[in-house]
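Right, one structure below, let's go through it.
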Amino acid sequence: MTPTIENFTYSKVTVAAGVHLNVAVAGSGSPVVLLHGFPQTHLMWRHVAAALAEDHTVICPDLRGYGDSGKPAETGPDVYSKRTMGRDVVALAAALGHEKFALAGHDRGALVGFRTAMDHPDAVTHFASLDVLPTLDMWNVLHGQSAAVGFHLYLMAQPPDLAEEMISNSADTFFSYFLDAWTKDSGAIPADVRSAYLHASANAVPSIVADYRASAGIDVVHDQADLDFGNTLRMPVTVIQQDWGSALGFDAAALWKAWAPDLEHFSTQAGHFMAEETPADIAQAIRDLLLR
């Protein structure tokens, strides 16, 4: 049986023509939407969500293309753009009765969150990003041998079919690599949750690749357009990430400050899956953000 977040109610909500999101909801009070990363599902928020649900309405969806959410076939570059996925988030919140909401995202979910906050500043009241740079900056900081850390970005950026076939033929090995390499505390992802991540990812290879492929194309176009127009995030922003800058030679806080004038930037000693390794710290950071 697939694990769930205890005391959360599950449903499937239609957010676009032929596309539904699987979502877990609990609590009452001002709404907070939590978006998961790769190679995970909404379950990555299980500890943080339970804590925040004590005094907030907490909404945890599987992203388009992931988990038990809809996986439309890729018929164009915009199907899995972060702009499209952001529209899913706004539609989901509205369907649940919330025209405004705070938003926190990890990894891929943070990229969706960034685009949602850029495109829908009247809906997103606060934004927290865990362990990514905006898409445009992400590509700009990868150089030479250090870029090997992002080998999967280049693999899934290739035209359709190659990455899909390669990953599908070794799905557990491929997705397990990231769960192992990016975790400092292996006990933070118990066996049943790990199994759920691997099963969900193996069943979503084409859509996961399409999500990443969009980040090598149309997502960069959208970020560049905002940069050219001087658009920035208009809400309070908190960023928490590992100190990738010292390893790869960039100033993460400065890069984020260009996008987020009202920024608090923190480094963590936890691994990439910080919401599972140090959930109390992440929940507190989100609570502090909501007070700004």
Legend entry - Correct choice for volume of the Cα convex hull per residue in Å³ that was computed from the model, options (i) 122; (ii) 131; (iii) 259: (i)
Inset, instruction - Evaluate E = 1/(1 + (r/R0)^6) for Thr4 and Ala157, where r is the Cβ-Cβ distance and R0 equals 45 Å; express this FRET efficiency to the nearest 0.05. - result: 0.85
Inset, instruction - Determine the share of region 153-292's accessible area contributed by carbon and sulfur atoms, expressed in whole percent, with a 1.4 angstrom probe. - result: 55 percent
Legend entry - Ratio of the Cα radius of gyration of region 1-129 to 2.2 N^0.38 Å, where N counts its residues: 0.95
Inset, instruction - Identify which of Val149, Val15, Val112 has the largest mean-square fluctuation in a Gaussian network model of the chain, with springs joining Cα atoms closer than 10 Å. - result: Val149
Inset, instruction - Name the shape class, rounded, prolate or oblate, that the alpha-carbon gyration tensor gives for region 127-198, where a ≥ b ≥ c are the square roots of its eigenvalues, rounded holds for a/c under 1.5, and otherwise prolate holds if a/b is larger than b/c and oblate otherwise. - result: oblate
Inset, instruction - Determine, from the Cβ-Cβ distance of Ser11 and Asp228 and an R0 of 41 Å, the FRET efficiency 1/(1 + (r/R0)^6), rounded to the nearest 0.05. - result: 0.55
Inset, instruction - For region 1-120, with all protein chains present and a 1.4 Å probe, just round the carbon and sulfur fraction of the accessible area to a whole percent. - result: 52 percent
Legend entry - Contour minus Cα-Cα distance for Gln145 and Ser170 (0.36 nm per residue): 6.5 nm
Inset, instruction - Between beta-carbons, use under 12 Å as the cut-off and find the net charge around Ala196, counting Lys and Arg +1, Asp and Glu -1. - result: -1
Inset, instruction - May I ask which residue of Met138, Val193, Ser28 lies farthest towards the positive end of the charge dipole of the chain, with charges of +1 (Lys, Arg) and -1 (Asp, Glu) on Cβ and the Cα centre as origin? - result: Ser28
Legend entry - Å² per residue, accessible surface of the chain at 1.4 Å: 40 Å²
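The values are calculated or read from the model by the stated rules, or taken from the named source; none is laboratory data. Being a predicted model, the structure only gives us computed values, none of them experimental. Every residue, glycine among them, receives a Cβ derived from its backbone with ideal geometry; neighbour counts consider all protein chains shown. Keep in mind that these areas ignore ligands, DNA and RNA; they rest on the heavy atoms of the full protein, side chains included. Shrake-Rupley method; radii C 1.70, N 1.55, O 1.52, S 1.80 Å.
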